[in-house]
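Please treat every number below as a calculation from the coordinates, not as lab data. Bear in mind the structure is a predicted one, so any value in this text is a computation, not a measurement. As a convention, Cβ positions derive from the backbone with ideal geometry for all residues, glycine included, and neighbour counts pool all protein chains shown.
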Amino acid sequence: MKIALIGVTGFVGQHVLREALERGHTVTGFARNLDKIPDQHNLHKVTLDLLGDSLATGLALSGHDVVVYAYNPKRQSKDPDIFEQHVRGHKALLAAMPFSNVKRLLCVGGAASLKLPGGVEFLDSDRFPQQFNDFKPSIRGTRELYYLLKDHPQLDWVFLAPSSVLFDGTRTGSYRVGTDYLLFNEAGVSTISLQDYAVAMLDEMEKPAHHQQRFTVGY
């Protein structure tokens, strides 16, 4: 497949890139600064200002089978306008997609919008870790993408939410799948490695099982 990966240098994007290349796909990696991504076989690197012209962005995405959106303006930022930065990026992508003629959009989401057994979203619950309270505006920014996607029925979109702890670990190739509720293991822990999150993203890409919906993965 020909994959357009926006945010190829990011916390999640780098792992999606590695998994895609190892599976033999061709990736066009888009980011503002590509210096930390080495040249690799089947990787084409393109500098992109997502907040620029929508038509130019759409044309850059055209010719691909799927767009993977892993954009994050500043991970764990405390900038006072970080929520607005997220939303500007999301809206810029959604404005550009019609010009690309690419229908399939896979989005790197967060756990914030997932529900707990009582029906409360994780971010708004008393189980949300207090040490991350300072980053809530940024986390809300990622959650907002899920809400915005619902207004675009012309797109075959997916919002892949990880478990509450997304960590740099190992690739096991094994994970469980859920939809609206946060997944917990037998010990009551909600985790997924970056490597297995990328596996799930590529599995969904190669064998689509979700359409215009959110789903989640965890151990």
For the chain, the Cα-Cα pair-distance distribution in 5 Å bins from 0, as whole percents, is 1, 7, 15, 20, 22, 18, 11, 5, 1, 0
For segment 76-95 and segment 35-71, compute the distance between their C-alpha centroids and round to whole Å.
18
Can you give me the distance in nm between label points at N101 and R127, each placed 7 Å from the Cα along the Cα-to-Cβ direction?
4.6
Taking the Kirkwood radius as the inverse of the mean 1/r across Cα pairs, report the Rg/Rh of segment 1-118.
0.98
Mind checking which of Y181, L166, N133 is farthest towards the positive end of segment 126-214's charge dipole, using Cβ charges of +1 (Lys, Arg) and -1 (Asp, Glu) about the Cα centre?
N133
If R₀ is 25 angstrom, what is the calculated FRET efficiency for the pair V165 and K78, using the beta carbon separation as r and rounding to 0.05?
0.75
What FRET efficiency would be calculated for the residue pair E206, N185, taking the C-beta separation as r and a Förster radius of 45 Å, to the nearest 0.05?
0.95
Can you tell which of A96, A20, A56 shows the greatest fluctuation in a Gaussian network model of the chain with Cα springs below 10 Å?
A56
Calculate, in nm to one decimal, what Q40 and Y147 gain on full extension: separation in residues at 0.36 nm each, minus their alpha carbon distance.
35.0 nm
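Give the residue list of trypsin sites (Lys or Arg not before Pro) in segment 83-169 that are DSSP loop and have at most 16 other beta-carbon atoms within 10 angstrom.
K103, R127, K150
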